[in-house]
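Presented below is the structure to which this report refers.
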Amino acid sequence: MIDRAAATQDFAPQPHQNMTTPGDFEIARSVLTGYTADNELHRALTILRNEGINPEVVVEFTAEREGIFCGITEVKTLLGRVLPETGREVWALDEGVGVVGGEVALRIRAPYASFGLFETAILGTLASCTGWATAAAECVEAGDGIPIIGYGARHVHPGVVGVMDYAAVMGGCASSSSVVGQQLHGLTPSGTMPHSLVLLMGDTVRSMMAFDKHMPPEVPRVALVDTFKDEIQEALEVANINRSKHGVSVQVHLHHGDLIDALPCDMDIIVSNPPYIRSGEVTQLAEEVRREPAVALDGGADGLRLIRRLFQQAPARLRPGGGLVVEISPEQLESVSELARDAVPGGRVSFRRDLLGLPRAVVLSLS
């Protein structure tokens, strides 16, 4: 088989970056026997065979819309099983590249009877894998640098979990959650730990310690902190064992309280990322932002409910020359700057911009 686009050895897969050597795709017997094909193809082949018609043809497969092309490695494996040794030619785009609507992604030249029955399987493989890879790419783009894990195994039939996870990695995911996916894309499976583990062990911290004890070091340590107690409390408990493990108990202190009332002493600097969205605007936020707990978003009618309290309390807890840094929404710059000036009339008030050049933090510095 010739793959002109890839210019690689016959049927060689195009590995995702940072991927170890992936395993081979296994073509199911039901596919090879044609049982998964549309019945109209069986009937057509019967007619053509009885009429003695089997010309060499060129068939092109094109993309309907823009996306990430995926599934061609598995399709090549299938074609390697069914096409004749000679008199065949296949050209295809590389696995994982971008494709636009109307673009030819795969071209096959061979006797029609050798592959006509597998049109259904080829289309289904390319369509589903390209759809999964494209969806994954959209998530990766939205993540803006945050590693994204393919975690869809519990939402599909187990028979397609492996190829779905493979497609997710082709779309840019850092890894996926299943072992069968690992066998195809070669990356270490990732994820959290199940709620069942926490429930059976009876304690979040105990579960996390056992996870850390028994799992190899290359497995990421991701704790669930929403099982028995308030998320903040469980998160602090897990963070506490984490700081002990890494020997930073003296340098890092953890406190749980309302704003700054839990601070044991005066501070040189206080940095706060309070909820600052107006109550009436929370439902208008992007869907990925609305997934955050409401308490982390809703800043009251004007968005300044907690910010106002913070400027009232913080100055008394700052040492001479100390500072308070508060994240804001850009349109709140003047209002929050005024709160800062009122809190410390002799202080210096400035602001910092974010990566888009928008005002994102107000800084109050004590003299």
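The values are calculated or read from the model by the stated rules, or taken from the named source; none is laboratory data. The shown structure was predicted, so the numbers you read here are calculated from the model rather than taken from an experiment. Note that each Cβ is placed from the backbone with ideal geometry, even for glycine, and that neighbours are counted across all protein chains shown.
Some observations on this one:
- Any hit, the stretch 196-205, residues being among the polar types (S, T, N, Q) and under 21 Å from GLY145 (Cα atoms): no
- Any hit, the stretch 295-306, residues being modelled with pLDDT under 90 and exposed (fewer than 13 other Cβ atoms within 10 Å of the Cβ): yes
- Some residue of the stretch 70-77 being touching a Pro at 6+ places or on another chain (Cβ under 6 Å) and under 24 Å from ASP165 (Cβ atoms): yes
- Residues in the stretch 147-183 that are crowded, with 19+ Cβ neighbours inside 10 Å, out of contact with any strand residue (DSSP E or B) (no Cβ under 6 Å at 6 or more places or on another chain) and more than 16 Å from ILE68 (Cβ to Cβ): ALA153, VAL161, GLY162, SER177, SER178, VAL180, GLY181, GLN182.
- Condition met for VAL282 (farther than 12 Å from VAL362 by Cα, surrounded by 15 or more Cβ atoms within 10 Å (Cβ to Cβ), within 31 Å of the chain's Cα centre (by Cα) and among the hydrophobic types (A, V, I, L, M, F, W, C)): yes
- Residue identified as assigned to a strand (DSSP E or B) and surrounded by 18 or more Cβ atoms within 10 Å (Cβ to Cβ) among LEU324, LEU339: LEU324
- Selection within the stretch 314-348 - acidic (Asp, Glu) and within 20 Å of LEU297 (Cβ to Cβ): GLU327, GLU331
- Looking only at the stretch 52-87, residues that are buried (at least 20 other Cβ atoms within 10 Å of the Cβ), among the hydrophobic types (A, V, I, L, M, F, W, C) and either under 27 Å from the mean Cα position of the chain (by Cα) or over 14 Å from GLU119 (Cα atoms) (or both) come to 6 in all.
- Residue, surrounded by the fewest Cβ atoms within 10 Å (Cβ to Cβ), within the stretch 307-321, restricted to residues that are under 37 Å from the mean Cα position of the chain (by Cα) and either closer than 10 Å to SER365 by Cα or of a type in the set (D, E, K, R) (or both): ARG309
- Meeting the requirement of 3 or more residues that are within 27 Å of GLN332 (Cβ to Cβ), the helices (runs of 4 or more DSSP H) wholly within the stretch 190-306 are 287-290.
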